[in-house]
Amino acid sequence: MEKKKYYISIGTGEISEVKYGNNDEFVVYATMEEIRQLRQLLNGMDQADFGTYVRAHFPFVPYHKDEENDQYDEKLTEAYKMIHQLGDETTKRHIESIGILDDDPL
């Protein structure tokens, strides 16, 4: 399948073939199937993020013992790994520079 250029914004969960505004945090080249997989990861981040919002109303639960935060961190790391795999050289260098690909959990 043919790979197309996409602009990715982790913060908004946006995937677009058109560059506009701030949607170009990362540039990837991907097939439709790869974009579908990335979309699932970004949607999973949204679901996990809602869980952290609910959990935030119970401040007696430490962050490091919080399953919702662990799920969000896991989805975030998976998304960055996939973006790194599909990304252009600038995207790859940036993701490598922030250290999220390390084996140590966030």
message = Taking θ = phi - 60°, what integer Hz values does the Karplus form 6.51 cos²θ - 1.76 cosθ + 1.60 yield along the stretch 69-76, in sequence order, with x for Gly and Pro?
response = 5, 4, 5, 4, 4, 5, 5, 4
ask   = According to a simple spin-label model (label point 7 Å from Cα along Cα-to-Cβ), what is the distance in nm between Asp102 and Met32?
value = 4.0
request  = Give the long-range amide H neighbours of Glu14: residues separated by 5 or more places, or on another chain, with amide H under 5 Å away, using H modelled in the peptide plane at 1.01 Å from N.
outcome  = Ser9
inquiry  = Cut-off under 21 Å on the C-alpha distance; same-chain residues fewer than 8 positions from Lys81 excluded. Which lysines are left, in chain and number order?
reply    = Lys3, Lys4, Lys5, Lys92
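Every number in this text was worked out from the coordinates using simple rules, so none of it is lab data. Quick caveat, the model's predicted, so the values are computed rather than measured. Here Cβ is always computed from backbone atoms with ideal geometry, including for glycine, and neighbour counts include all displayed protein chains.
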